[in-house]
Amino acid sequence: MNRLTRIAYLAVVYLFFYFPIGVLIVYSFNNASYSLLWHGFTLNWYKELLSDTDLQSVAWHSLSVGILAATIATMLGTLTAVSLYRYRFKGKKLLHGMIFVMIVSPDIVMAISLLILFSTLKAPLGFWTLLLSHVTFCMPFVAVTVYSRIAGLDKNIFEAAKDLGASDFTILLRVIIPLLWPAILAGWLLSFTLSLDDVIISFFVTGPDFDILPLKIFSMVKLGVKPEINALCSVMFALTLLIVLIAQLVLRKKQ
Amino acid sequence: MKHDKTFKFITIGIIWLWLAIFAVAPNGLVFLTSLLQQGDNELVRLQLTLNSYFDLFNTSYLKIFLHSLGLAGCCTLVCIIVGYPFAFIIARSTSRYKGFLLFLVIIPFWTSSLIRSYAIVAMLKTKGILNSLLLSLGLIDQPLHLLYSSTAVMIGLVYSLLPFMILPLYANIEKLDMRLIDAARDLGANKRTVLLKIILPLTWPGIIAGSMLVFLPAMSMFYIPDLLGGAKSVLLGNLIQNQFLTARNWPMGSAVSVMLTLLMGLMLMLYWHSTKRNKDAQDLL
């Protein structure tokens, strides 16, 4: 392939990726409910989102679960990565394999397995079941992100810290976390987006009292295309864009 | 140091405890549930049986299974055909915008596929932008009924999952040792031979990894047929969802999920086998 064909090929695929999303964003500013024609610029649909109190509580649910789940998942995932790197223990290979399997396993399999677990334990579906599930599916992603960075660290640093009398806990707090914070932060951000976007697992493990944004969008979208949904989806897209941008910048900085 | 031992014990203990409760036990329960019977008043009756598995070979379930396999297979194939050259061009690019080009694939990778499916709905509907565009260009005289068809589901699946094919392929192609290609050319191999005998075998693990990340979700993303396919297009994911929430036949839904897990196991074995074979090839160098 020559240079021109290559560029054309890339352009077509990028157009496929971004055209539908672009149209969605443009029409979220269109001053008409159902028309395809451009009726002038408006922020009405965004104002409507802001005044929707029901939506506000749902957004709050999503944010609180996202922040908590990302935080717990980041702690667990970082500990997993550090243990895999530093310690020898029984079942280490198994742990490696399990993290990998959890990443590739289809969401629906994890979703119904957690549903059956919660139903066996007679746990009422809602905030707690949702939080525990989100931590579980985010954790392997953090572990992988942090592990990919930790493998590049100089092992002598740990030996030096040990010789100077630092305990493993001190090494984690004063050496590993300061050195790995970009990867840890990136893991947190990615967990947060995963939690904010998840449809399949949340669909099964939350109850009617605790609605979250993706499920709300799902039920709205089933009823058809509306400018309010365009606006809501545009906001979510912008948020994801921002998070991924920060994560990429943070990760690149220390490369 | 005694404290260090306690620390190590607690850390690894927490990790294993979490995984045991939220990953191992739930999957064990799914397997157990698949062996039980649907209850009349309660969800399941505690009686071991293989009925759910026999029922899987019932024509209507078998049809869904094959349809779902076909759709996911086609989606994977399209993703490979479109994604491979794409990943190759970016991975081998020497442009200073390479990082940015990759970033443009990472964004859709992380964007909610629900939102992206919704964007496709807005594109494809009868009075949507695609139809108006084609009409105004004079390519069609009647708006196409694209939405609520298998084609729409296919487009939605490819749109959602293409980045999951491109990124593993990119990672794999980027590691490709170009000297091997040069060596093959020097030894007189033509372009076709280089592609078939060098490039494809060496990037095979990337193809398998990408296929795994596309094929399995493609069978299970129930909201895509819900939004784009009406009732016509049913995936394994819709079947499971339906068995759990509407038909309340948990054993049946679990059996379908076990089948999906087995399929994943098969693909994982393929993947591990391919990486192992490639390690041997690298050792030769």
Peptide A:11-24, shielding by other chains (average Cβ, 10 Å cutoff): 6
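Over both sides of the A-B contact, add up the buried accessible area with a 1.4 Å probe and give it to the nearest 100 Å². All intermediate terms of the calculation are to be shown ahead of the outcome.
Details: alone 15650 and 17870 Å², together 26120 Å².
Summing both sides, the interface buries roughly 7400 Å².
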Nearest-20 debye value, chain A charge dipole, Cβ charges on Lys, Arg, Asp, Glu: 1040
Pairwise FRET efficiency - residue B:184 versus residue A:16, Cβ, R0 = 30 Å, nearest 0.05: 0.35
Choice from A:200, A:21, A:212 showing the highest fluctuation, given a GNM over chain A with Cα pairs closer than 10 Å: A:21
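Work out which chymotrypsin sites (Phe, Trp or Tyr not before Pro) in chain B are exposed loop sites (DSSP not H, G, I, E or B, at most 15 other Cβ within 10 Å) and give the longest gap free of them.
After excluding every exposed loop site, the longest remaining stretch is B:98-285.
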Folded to 0 to 90 degrees: helix A:3-27 orientation relative to chain A principal axis, Cα: 60
Angle in degrees between helix A:53-86 and the longest Cα principal axis of chain A, rounded to the nearest 10: 20
Top of B:188, B:210, B:70 by mean-square fluctuation, Gaussian network on chain B, Cα under 10 Å: B:188
The protein assembly as shown - charge dipole about Cα centre, Lys and Arg +1 at Cβ, Asp and Glu -1, debye rounded to 20: 1560
Accessible area, probe 1.4 Å, largest first, for residues A:3, B:116: A:3, B:116
Whole-Å distance, taken between Cα centres, linking the range B:76-137 and the range A:98-136: 31
Chain lengthening between residue A:57 and residue A:7 when straightened (0.36 nm per residue, less Cα-Cα): 13.4 nm
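Counting alpha carbon pairs within less than 8 Å and at least 6 residues apart, what relative contact order, in whole percent, applies to the range B:1-147?
Details: 59 pairs, mean separation 12.4, N = 147.
That works out to 8 percent.
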Chain B: DSSP helices with Cα axial extent of at least 20 Å and average Kyte-Doolittle hydropathy no lower than 0.0: B:2-19, B:59-91, B:150-174, B:200-220, B:250-284
Residue B:57-residue B:139 pseudo-label distance in nm [points 7 Å out on the Cα-to-Cβ vector]: 4.7
Given charges at beta-carbon only (K, R positive; D, E negative), |dipole| of the range B:176-285 in Debye: 180
Residues whose placed amide H lies under 5 Å from that of residue B:37, excluding near-sequence neighbours: B:45, B:47
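Hey, what did chain B get for relative contact order, percent, Cα under 8 Å, at least 6 apart?
Details: 307 pairs, mean separation 75.0, N = 285.
Rounded, it is 26 percent for chain B.
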Chain A: relative contact order in percent, alpha carbon pairs under 8 Å with at least 6 residues between: 31
Near-label residues of the range A:195-216 by backbone N, under 14 Å of a point 7 Å along Cα→Cβ of residue A:48: none
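The values are calculated or read from the model by the stated rules, or taken from the named source; none is laboratory data. Being a predicted model, the structure only gives us computed values, none of them experimental. Backbone-built Cβ (ideal geometry, glycine too); neighbour counts: all protein chains shown. All accessible areas refer to the heavy atoms of the entire protein, side chains included, with ligands and DNA or RNA removed. Shrake-Rupley method; radii C 1.70, N 1.55, O 1.52, S 1.80 Å.
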